[in-house]
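These notes concern the structure reproduced below.
The values are calculated or read from the model by the stated rules, or taken from the named source; none is laboratory data. Source: prediction; values computed, not measured. Please note: Cβ atoms are built from the backbone with ideal geometry, for glycine as well, and neighbour counts cover all protein chains shown.
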Amino acid sequence: MSRPENLPDFSSPPLDELVMGVQFVPLAGYTVVAAQDIWNLFRDEFPGLEQQPPIPPQFEAFGGWSPQPSFSFQFNVQLPSPRLWFVSEDGNHLIQFQHDRLMLNWRRINGEGIYPRFENIVERFASHLVKLGDQIQSAFGQKLEISQSEVSYINVIRVESYAEVGRWIEGAGALYGDSEIIASNSAKVLHRGGDTMARMHNELHSAMSGDMSHKAIRMALTVRGKPQTSEITSAIEFIRFGREAIVNEFAALTTKYAHEAWGRK
Amino acid sequence: MSAAAQQNSAYQRYFPVDDRRGEVVPFTSATSRVRVTAASPWSKALESRLNAITSLPKGWNGYRSVPVSFTCAAFAAQLIERLYDASVPPPALVPGADGTLQIEWHRNQYDIEVDILEPYKVFASRYDCVSGDFTEIALSDDFTVLAEWLKDMKSARADLATAGAAVV
């Protein structure tokens, strides 16, 4: 599928990482032994393997009085099934898998890596989901039932000083122009055709590069919610919806100066 | 930065400079299975109950029952957090034999019961003990109706209190 015509487009966006993922009904009877078969599905493209702590379930609920953006509910003990990273040869792509999630990341490594564009990444993710669905059907006799989808764009804007923030982010100069640090979290509900669709989380932070050589403004935009059905096509459709919302929000939040620097078409 | 963003992101090559502000996580025992953070008083009050019902042994009701699934409990916790109202006591949590969970309020002549069958698959009912009205609805991710029911229950308490009736 091609890029929507009216979506803002940048020739060199400050994108550092793109993550898309789904949460699904946990695999009954899943063990680390079965993880080998899951890895084998993707091993040609993703030969590297790393182990990470599992991500706890996250759900977006709407209505009520008490939004708690930092609320979390976690297992206090290590789950028997960790999150696995299947890493591509160049390190720019990785699949994250655990007993109730599949995610696909594209990331820059040391500032390197050409952004392969959303359309290419989402098509790959859809095919990974089909492979996973077939595998869990044959290995566990269970259908892949997706309960939630999400997509995140993590942008990193290199700066000499955080006082520059107003040059890049609309209205941020007045708020953070002389701040030592920047830390802002906000969220809003997204609707389509009168229906509640998703929640968009916006996180803006001052940041340092891992080698402490330079400062940056880190803007992470995430859209998360329940797809209309538990099918793969619906999850992908949700991710496309989230991507459009994020790109439009990003363009609205950033300045004309920034757009020129990033080559807005 | 939220825990979610940190965990979803593959790399933290650019780490927020305020990361050191990380919240203080209270000590929990090694046998405790769940932990809630940055939570409302309801969730805090229900943490030990959530821990208990997700730790039930198989066959806990004498038959082929299973403990409440962690996924159901996590979704219920999120829902409870959304509905928190300081002027309403926390609900009762009742395990289902099939790993599901029921959230209940029985107050002020109202019975409100919310069945969490799985994430985004919820059935809720309200029985008005005075009028005999019974309402049952299926819910997914929008719980505005439940917030309204709690509001009605709270208002009913005010009415009953004015009339000198028992409110609990």
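Exactly one of these conditions fails for A:R101: (1) modelled with pLDDT of 90 or more; (2) farther than 30 Å from B:T144 by Cβ. Give me its number.
If we test A:R101 against (1) modelled with pLDDT of 90 or more; (2) farther than 30 Å from B:T144 by Cβ, just (2) comes out false.
Name the residues in the range A:199-240 that are in a loop (DSSP other than H, G, I, E, B), free of Cβ contacts under 8 Å to residues at least 24 places away in the same chain and under 28 Å from A:I109 (Cα atoms), would you?
A:G210, A:D211, A:M212, A:S213
If you check B:L101, B:L50, which single one turns out to be buried (at least 18 other Cβ atoms within 10 Å of the Cβ) and closer than 30 Å to A:L190 by Cα?
Details: B:L50 fails: closer than 30 Å to A:L190 by Cα.
Going through B:L101, B:L50 in turn, just one is buried (at least 18 other Cβ atoms within 10 Å of the Cβ) and closer than 30 Å to A:L190 by Cα: B:L101.
With respect to A:V159, determine if the residue is more than 23 Å from the chain's Cα centre (by Cα) and not polar (S, T, N, Q).
Here the answer is yes, as A:V159 does meet what is asked.
Out of everything in the range A:136-180 that is within 23 Å of A:G111 (Cα to Cα) and in a loop (DSSP other than H, G, I, E, B), what residue ends up being farthest from the other protein chains (Cβ to nearest Cβ)?
The selected residue is A:E160.
Might you check whether a residue that is among the aliphatic types (A, V, I, L, M), more than 30 Å from B:L83 (Cα to Cα) and at pLDDT below 95 occurs anywhere in the range A:61-79?
no
Within the range A:167-188, identify whether any single residue is of a type in the set (A, V, I, L, M), within 23 Å of A:I55 (Cα to Cα) and under 17 Å from the mean Cα position of the chain (by Cα), and answer yes or no.
yes
Considering only residues of the range A:9-46 that are part of a helix (DSSP H, G or I) and of a type in the set (V, I, T), which is modelled with the highest pLDDT?
Quick first cut of the range A:9-46, residues part of a helix (DSSP H, G or I) only: A:32-42.
With the extra rule that they be of a type in the set (V, I, T), the set shrinks to A:32-33, A:38.
Details: A:V32: 82, A:V33: 87, A:I38: 95.
Among them, the one singled out is A:I38.
Report whether or not A:L94 is touching a residue at least 24 places away in the same chain (Cβ under 8 Å) and over 14 Å from the mean Cα position of the chain (by Cα).
no
Looking at this structure, is A:K131 over 15 Å from A:E249 (Cα atoms) and either in a helix (DSSP H, G or I) or aliphatic (A, V, I, L, M) (or both)? Lay out the reasoning, then the answer.
Details: over 15 Å from A:E249 (Cα atoms): yes; either in a helix (DSSP H, G or I) or aliphatic (A, V, I, L, M) (or both): yes.
It is true that A:K131 is over 15 Å from A:E249 (Cα atoms) and either in a helix (DSSP H, G or I) or aliphatic (A, V, I, L, M) (or both).
For the range A:137-156, how many residues meet the condition of being among the hydrophobic types (A, V, I, L, M, F, W, C) and surrounded by fewer than 19 Cβ atoms within 10 Å (Cβ to Cβ)?
Looking only at that region, the number is 2.
Go through (1) exposed (fewer than 15 other Cβ atoms within 10 Å of the Cβ); (2) within 28 Å of A:E123 (Cα to Cα); (3) among the acidic types (D, E) for A:E231 and report which single condition fails.
(1)
If you scan the range A:41-66, which residues turn out to be away from chain B (no Cβ under 12 Å) and touching a helix residue (DSSP H, G or I) at 6+ places or on another chain (Cβ under 9 Å)?
A:L41, A:F42, A:E45, A:F46, A:L49
Which condition from (1) in a strand (DSSP E or B); (2) at pLDDT below 85 is the one that A:L49 breaks?
(2)
Inspect the range A:214-228 for any residue being surrounded by fewer than 18 Cβ atoms within 10 Å (Cβ to Cβ), within 12 Å of chain B (Cβ to nearest Cβ) and either of a type in the set (A, V, I, L, M, F, W, C) or over 28 Å from A:S127 (Cα atoms) (or both) and give the result as yes or no.
Here is the first cut: in the range A:214-228, the residues surrounded by fewer than 18 Cβ atoms within 10 Å (Cβ to Cβ) are A:214, A:228.
Applying the additional criterion that residues be within 12 Å of chain B (Cβ to nearest Cβ) yields A:214, A:228.
Checking which are either of a type in the set (A, V, I, L, M, F, W, C) or over 28 Å from A:S127 (Cα atoms) (or both) leaves us with A:214.
Looking for residues that are surrounded by fewer than 18 Cβ atoms within 10 Å (Cβ to Cβ), within 12 Å of chain B (Cβ to nearest Cβ) and either of a type in the set (A, V, I, L, M, F, W, C) or over 28 Å from A:S127 (Cα atoms) (or both), one finds at least one in the range A:214-228, hence yes.
With the condition being modelled with pLDDT of 90 or more, touching a Cys at 6+ places or on another chain (Cβ under 7 Å) and at the interface with chain A (Cβ under 9 Å from one of its Cβ atoms), I'd like the strands (runs of 3 or more DSSP E) fully within the range B:12-125 carrying at least 1 qualifying residues.
By residue number, B:110-118.
With respect to A:E89, determine if the residue is more than 14 Å from chain B (Cβ to nearest Cβ), surrounded by fewer than 14 Cβ atoms within 10 Å (Cβ to Cβ) and assigned to a loop (DSSP other than H, G, I, E, B).
In short, yes.
Take the residues of the range B:125-143 that are of a type outside the set (F, W, Y) and buried (at least 20 other Cβ atoms within 10 Å of the Cβ): which is nearest to A:R199 (Cα to Cα)?
B:D141
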